[in-house]
1. Is it the case that the range 2-10 has a residue that's within 34 Å of the chain's Cα centre (by Cα), within 14 Å of the ligand (Cβ to nearest atom) and closer than 22 Å to residue 103 by Cβ?
2. Are there any pairs, at least 6 apart or on different chains, whose C-beta atoms fall under 7 Å, with the first in the range 89-116 and within 12 Å of residue 36 (Cα to Cα) and the second part of a loop (DSSP other than H, G, I, E, B) and within 12 Å of the ligand (Cβ to nearest atom), and if so, which?
3. Are any residues in the range 340-359 in a helix (DSSP H, G or I) and either under 15 Å from residue 255 (Cα atoms) or within 16 Å of the ligand (Cβ to nearest atom) (or both), and if so, which ones?
4. How many residues are touching a helix residue (DSSP H, G or I) at 6+ places or on another chain (Cβ under 8 Å) and part of a helix (DSSP H, G or I) if we restrict to the range 401-421?
5. May I ask you to say which residue of 61, 51, 31, 67 is farther than 19 Å from residue 123 by Cβ and crowded, with 22+ Cβ neighbours inside 10 Å?
6. So which residues in the range 205-222 are touching a helix residue (DSSP H, G or I) at 6+ places or on another chain (Cβ under 6 Å), surrounded by 20 or more Cβ atoms within 10 Å (Cβ to Cβ) and part of a loop (DSSP other than H, G, I, E, B)?
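A short reminder: the numbers here are calculations on the coordinates, not readings from a lab. Keep in mind it's a predicted model, so treat the numbers as computed, not measured. Cβ sites come from the backbone with ideal geometry, for glycine too, and all protein chains shown count toward neighbours.
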Ligand code: ARG
């Protein structure tokens with residue numbers, strides 16, 4: 001008969017199918033180091049409360065150290081009969097500390113407050129890794145922006161040519177959303193950083209244990225206010241899953257652009273061979289798989305969030321076994337992002353931008369029409385009239401099959417007397433871009449400032 005945590009009132013063990021359904025060690029074993037850290041802290045508060053002697057505490061901690069080593073080396077692994085990580089580690093402790101001493105550690109705690117605490121600990125560490133991976137992508141974007149301080153990109157709205165912008169400005173727009181994703185994880189941590197130890201199964205502990213002392217030892221600034229909430233709530237997991245899904249969506253929007261830019265029709269970029277794949281049948285193919293997998297996995301991250309929310313929505317307080325389903329979706333989101341980060345950073349940092357082609361395409365589609373209108377406004381013409389006049393410039397140029405800079409002085413004057421030849425100073429892409437020089441605009445000096453501020457903010461994390 002395997003060592004179960006709840007054998008006393010049962011005459012028989014569970015059916016095999018029951019045990020198979022119940023088992024979670026195939027995914028919760030990664031919580032083992034956190035479980036052992038929790039056990040150390042718990043042993044200390046039991047000692048402080050007079051429930052373990054000095055010798056017992058020392059022996060308990062020594063056994064836990066041994067167990068930690070054996071877990072790390074793989075000498076101790078869960079068996080099929082261990083229901084979950086907590087059960088497996090209790091077995092491991094009993095084997096090392098003896099049943100008499102080992103059996104004392106379970107006093108005043110439950111797997112419910114254990115798992116609620118350990119899951120938070122794991123997520124807080126994972127959040128730090130996600131921040132670091134996100135920073136790698138952000139750095140790659142900033143480096144490309146730095147490499148191309150003056151290169152032009154045809155800026156788009158509705159995917160139609162809109163106004164020319166700096167390529168760096170566009171790349172940094174993606175970096176800005178990644179910086180918010182990082183901030184979101186920081187904000188999340190401030191809320192999630194509560195230890196649930198001391199909550200027991202749901203009602204708290206009667207043994208005079210100090211939850212704040214456990215919290216402090218486990219790196220939490222505080223313990224939960226409410227033992228029911230501490231064991232039943234998983235909004236910390238859902239919020240974390242949202243932060244990762246949002247990050248995935250932001251990466252997906254970048255990926256979508258790389259996919260479009262990489263088409264023959266756009267021809268904006270060439271992918272480095274190391275970050276592209278070929279086709280098994282079409283020898284000429286070079287496919288943007290990193291970007292496509294990024295886009296694809298963002299769907300999976302959204303699914304993990306919605307699945308978790310659905311798991312939570314109808315659960316009465318406090319703990320229900322449904323909550324065992326909380327971990328896999330979040331573990332999966334972390335694992336997928338950890339696969340993606342180095343690949344996306346590698347792809348972005350090795351992209352070759354065809355800046356000549358970008359510059360050539362930028363004025364196409366009369367993208368300087370707004371510049372004419374705004375130039376007229378600066379000459380005192382009301383914007384309504386200026387917009388009409390600029391529109392007429394487009395109509396005349398289009399009917400003659402020329403660009404806006406090719407309109408003759410006569411044509412301009414006929415459209416509006418205020419349209420003197422001086423308007424041509426904004427009818428270049430460089431002039432247009434340079435004129436948008438307020439904070440947040442695409443003028444080279446503003447973009448360089450933005451890049452340096454972003455770099456400084458990123459360095460704070
Ligand atoms: N393995 C469970 C989980 O992940 C924790 C165990 C609580 N089990 C119980 N019967 N109260 O949620």
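1. Among the residues of the range 2-10, not one is within 34 Å of the chain's Cα centre (by Cα), within 14 Å of the ligand (Cβ to nearest atom) and closer than 22 Å to residue 103 by Cβ, which makes the answer no.
2. 90/5
3. Step one: of the range 340-359, the residues in a helix (DSSP H, G or I) are 340-349, 355-359.
Residues satisfying the conditions are 340, 341, 342, 343, 344, 345, 346, 347, 348, 349.
4. Total satisfying the criteria: 8.
5. Going through 61, 51, 31, 67 in turn, the sole match is 67.
6. 209, 218
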